[in-house]
Structure formats: C-alpha cells, structure tokens
Amino acid sequence: MIEKRVAIVILNYLNYKDTIECIDSIEKMKYSLCGIVVVDNASNNNSVEKIRKACFGKKSIYFLRTHRNLGYAKGNNVGIHYARKYLRADYILVVNNDTLFIQKDYIERLL
C-alpha cells in the first residue's frame, strides 16, 4: 500500500502551551506526516515565537500567522489551503490545539 500524504493543521490563539503539548504528542505517533501546520490566529502574546522556540530543530512544522483573528473556520482554512497547495497533502486532519494523541497508531487507524 502506498503511504498517503497526511498533514495536521492546528489553530492557535493565545494558548501556546497547549499547542506545544499537542505538537509533542503528534511527534510521538508512528505515521510519517508530510507536515504540521500551525496557524496563529493573530495572538498578541508572542505565541508564534514561543512555539517556534519550543519546536526548534523539529522537522516539518510550518508556521503561519493571520493578520487578524479570522475565527475558527477561516483560521483553519488558511492552514488547510497551505497543506493542500504547498505540502500536497492527500488528507488533512484539523485538530484543536488542546488535543493530545495517546494512540501511536491513530493515523493508520484513521486511514
């Protein structure tokens, strides 16, 4: 079976701690993702810098910022568009930033 290109989109707004924990849990999964797209929805608390610092050296994490808070759906759409166009993802999983993945084969089961 050919491995599908899967990307995960995480929307962040002011809550960089949960976003960092979410990314950490994603990286413990077995499936090789084509990328994790973090969209910061115009946080004014240096969230992107804090997430970047915590994720320094980790591969395939892409950071996007919106110029204003677009809300949940439009903010996620920014990440989905990026994952489709630039990462060429076959599948995109949109997760809340307070999600923690404890099942290491979650993506395989989902596919």
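Dividing the alpha-carbon Rg of the stretch 10-111 by 2.2 N^0.38 Å yields what?
Values: Rg = 12.9 Å, N = 102, 2.2 N^0.38 = 12.8 Å.
That works out to 1.01 for the stretch 10-111.
Which number gives the lysine pairs in the chain that have C-alpha atoms under 20 Å apart and are eight or more places apart or on different chains? Within the chain, the lysine pair count is 23.
Every read-out reported here was derived from the displayed coordinates using simple, explicitly stated rules and does not represent laboratory data. Everything numeric in this text was worked out from a predicted model, so none of it was measured.
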